[in-house]
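Inspection log for the structure reproduced underneath, given as structure tokens.
The values are calculated or read from the model by the stated rules, or taken from the named source; none is laboratory data. What you see is a predicted model, and the numbers here were worked out from it, not measured in a lab. Methodologically, a virtual Cβ is constructed for each residue, glycine included, from the backbone with ideal geometry; neighbour enumeration extends over all protein chains shown. In case anyone asks, the SASA skips ligands and DNA or RNA and just uses the protein heavy atoms, side chains included. Shrake-Rupley method; radii C 1.70, N 1.55, O 1.52, S 1.80 Å.
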Amino acid sequence: MRIIRTVAELKEWRASTNKVGFVPTMGAFHEGHLSLMRAAKSECGTCVTSLFVNPTQFGPNEDLSRYPRNEAADAEMAAAVGVDVLFCPGADEVYPESFTQVIVSGVTDHWEGASRPGHFAGVALVVLKLFNMVQPTIAYFGLKDLQQCAVIRRMVKDLNVPLEVKYLETKRTADGLALSSRNRYLSTEELTTAHEFPDSLRNAISEISQGTEEGSALRTAKERLEKVGMAVDYLVIVDPATMKECPASHPEARIMSAVRFAGIRLLDNMPLA
Ligand code: AMP
């Protein structure tokens, strides 16, 4: 596996390669990241993964400075799943200057967009820049960040970005917690409690499928989360394309939630069908 740090070197490498699968990341790899890399490698033959902790998507009171960084361990894991190029640009390589904004409206109005002002503008900007640097055939994203997927889908469609995007299901621990780079901040005891999060969502889905009214099932889930010390930011059923609330009977409907727990923000979502 080759590690590339400059856009110029990446461009030179790219000219010699036909089909490229691309996985943008902020590092601290776990099985969720690796599943995207494996899909990119097997479907495209060549996989580029970017590792860049993007400052523009962090708010002033967020965890940019303490975001986990371990390039050597990440490089080892990426090489083991067959990544061809790990693109690790510095911040001045990505943002030598930056006067242009990429604002995706509509799908960013609520949920993460409301709680983290400016977050999706930072995501859209860096992803579009990385797309232009890597020029992938197919880019891969995790449904774990459901609203991010809606933002990318909208941006690619609205700006005619010439690539295909695939969205893959969330990888979880054996007892159901969605894998996340931030889970490493939780103690063993907190990790055990954290499983209440997916359990509550799953329980709401099962209640709804057995005929419980949606509002009531969501209320039960919220109470259950609050009981174990989770502050629920939102807990809703949404259409993943529009990010608007929708009935549970919508064929694409997903239950989606964000909670604050033990000083970190946990996100999760699951299909209802
Ligand atoms: P991040 O490094 O957190 O920006 O994530 C990089 C990519 O990995 C994004 O497309 C995420 O949605 C995806 N991802 C993060 N966690 C998971 C997971 N548990 N399962 C699958 N994909 C994930």
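One table, with the values for the structure above:
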quantity: Reachable lysines from Lys11, criterion Cα separation under 18 angstrom, eight or more residues apart if same chain; calculated: Lys19, Lys129
quantity: Size of electric dipole in the chain: Cβ of Lys, Arg +1 and of Asp, Glu -1, about Cα centre, debye, nearest 20; calculated: 420 debye
quantity: Kirkwood-type radius of the range 57-124, with distances r between different C-alpha atoms, in Å; calculated: 14.7 Å
quantity: The chain - percent of accessible surface contributed by carbon and sulfur, probe 1.4 Å; calculated: 50 percent
quantity: Bridge type composition, the chain - antiparallel percent by DSSP, nearest 5; calculated: 50 percent
quantity: Candidate residues Phe87, Phe99: accessible-area rank, largest first, probe 1.4 Å; calculated: Phe99, Phe87
quantity: Hull volume in cubic angstrom per residue (convex hull over the Cα atoms of the chain); calculated: 131 Å³
quantity: 1.4 Å probe accessible area per residue over the chain, in Å²; calculated: 47 Å²
quantity: Residue-level accessible surface for Val102, protein heavy atoms, 1.4 Å, Å²; calculated: 20 Å²
quantity: Computed [θ] at 222 nm, helices only, for the chain once each DSSP H run of length n ≥ 4 contributes -39500 (n - 2.57); calculated: -11500 deg cm²/dmol
quantity: Those lysines that a straight Cα-Cα span of less than 19 Å connects to Lys144, excepting residues fewer than 8 apart in one chain; calculated: Lys166, Lys171, Lys244
quantity: Heavy atoms of Thr108: accessible area, 1.4 Å probe, square angstrom to 10; calculated: 30 Å²
quantity: For Asp63, solvent-accessible area (1.4 Å; no DNA, RNA or ligand), Å²; calculated: 30 Å²
